[in-house]
1. Can we say residue 179 is of a type outside the set (Val, Ile, Thr), assigned to a helix (DSSP H, G or I) and closer than 30 Å to residue 244 by Cα?
2. Hey, any hits in region 103-119 for a residue that's of a type in the set (Phe, Trp, Tyr), open to solvent by less than 10 Å² (accessible area, probe 1.4 Å), away from ligand 1 (no atom under 16 Å from the Cβ) and not in a loop (DSSP other than H, G, I, E, B)?
3. Taking residue 138 as meeting all but one of (1) in contact with a helix residue (DSSP H, G or I) (Cβ under 8 Å, 6 or more places away or on another chain); (2) closer than 22 Å to residue 178 by Cα, write down the number of the exception.
4. Can you confirm whether region 169-180 contains a residue that is under 23 Å from residue 57 (Cα atoms), open to solvent by 40 Å² or more (accessible area, probe 1.4 Å), within 21 Å of the chain's Cα centre (by Cα) and not hydroxyl-bearing (Ser, Thr, Tyr)?
5. Pairs, please: C-beta under 9 Å, at least 6 apart or cross-chain, first residue within 15 Å of residue 109 (Cβ to Cβ) and modelled with pLDDT of 95 or more and in region 153-182, second part of a helix (DSSP H, G or I) and of a type in the set (Gly, Ala, Ser)?
6. Can you name every one of the helices (runs of 4 or more DSSP H) wholly within region 189-280 that holds 2 or more residues which are free of Cβ contacts under 8 Å to residues at least 24 places away in the same chain and open to solvent by 70 Å² or more (accessible area, probe 1.4 Å)?
7. Which residue out of 45, 83 is exposed (fewer than 13 other Cβ atoms within 10 Å of the Cβ), farther than 30 Å from residue 187 by Cα and at pLDDT 90 or above?
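The values are calculated or read from the model by the stated rules, or taken from the named source; none is laboratory data. Remember, predicted model here, so these are calculated numbers, not experimental data. Please note: Cβ atoms are built from the backbone with ideal geometry, for glycine as well, and neighbour counts cover all protein chains shown. Ligands, DNA and RNA are excluded from the accessible area calculation, which covers all protein heavy atoms including side chains. Shrake-Rupley method; radii C 1.70, N 1.55, O 1.52, S 1.80 Å.
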Amino acid sequence: MNTHNSTTPRPPTGPHPRPQPIFELAHAGVTFTSRKGKDVIAVEDMNLTVNSEEIVSLVGPSGCGKSTVLRVLAGLQPLTSGDVWIGGGTRKPGFAEVAIVFQKPTLLPWLTVRQNIFYPVRALRRRPDRTLNERCDELLDIVGLSEMADRMPHELSGGMQQRASIARSLILDPKILLMDEPFGALDALTREDLQLDLLDLHARTRKTILLVTHSINEAVLLSDRVAVMSARPGRLQNLIEIDIPRPRGPDCIADPDFQKYAAHIRTDIFGPRYRKEAHA
Ligand SMILES: Nc1ncnc2c1ncn2[C@@H]1O[C@H](COP(=O)(O)OP(=O)(O)OP(=O)(O)O)[C@@H](O)[C@H]1O
Ligand SMILES: [Mg+2]
């Protein structure tokens, strides 16, 4: 098991000669001012470099700033200190390079599944050309909703709605997919199903994914690296490389290495108290 306290890029894997950083947070900090004028430091001195095509999970206690980090990368939240770079340039808001998926699908109830997936195209007043139509069909296929393209959101299960929402996030072909507890509102079986779908989607599209999750097993199953954040103010506490070969499936959860990674992350989050109780 390789663990790193720094943000050193991974060694070369797959067809690419060396990993290419796609975004970076450097000494990033976000301080909010409450309505009573008190400063709340949500994120402090956060350093994280993510390479193109990686899946990195962000885990940590509730309130440690995970959603804030995602909002910074999506251009929805300015930093109060430090820097953020995306694709070699300083962060500029825009749908095209970064997309975000939230816990709830937020589909528009008066549009069909296909129209919902197309919605970002309409919102940006882009002409729906052949490439976009073909991409929409391909995304419907990837998320297993080709048969449901002309249905309304209320005719879909929760899992199907979240699949449609993931397809919608990819219609403008972003380089980076930010996911904030995307499976948190789903039942356990649907959640497992969507985790495997995400692995498949990543294998087919090679998008860079930053995933916030409260499930340690989900983080280990999906990720190339797991970034553990400390309690508020959130900082990068540990960066753990998950050296389990892909393609991965449900069987790898039983792998002793998988269990070692999960235990390591759990101890990082809960500290020595967890270790004592776990081995009592
Ligand atoms: N707009 C805001 N104004 C004031 N404080 C905020 C604001 N947004 C977030 N915070 C505070 O910043 C801290 C980090 O919030 P954030 O939502 O990023 O945490 P989180 O790690 O995503 O938590 P959870 O796991 O519960 O979703 C919290 O203390 C929160 O109360
Ligand atoms: Mg959150």
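1. Here the answer is no, as residue 179 does not meet what is asked.
2. no
3. Residue 138 satisfies all of (1) in contact with a helix residue (DSSP H, G or I) (Cβ under 8 Å, 6 or more places away or on another chain); (2) closer than 22 Å to residue 178 by Cα except (1).
4. Among the residues of region 169-180, at least one is under 23 Å from residue 57 (Cα atoms), open to solvent by 40 Å² or more (accessible area, probe 1.4 Å), within 21 Å of the chain's Cα centre (by Cα) and not hydroxyl-bearing (Ser, Thr, Tyr), which makes the answer yes.
5. That search, which allows pairs on different chains as well, returns 153/164; 156/164.
6. Result: 256-270, 272-278.
7. Only one candidate passes the filter, namely 83.
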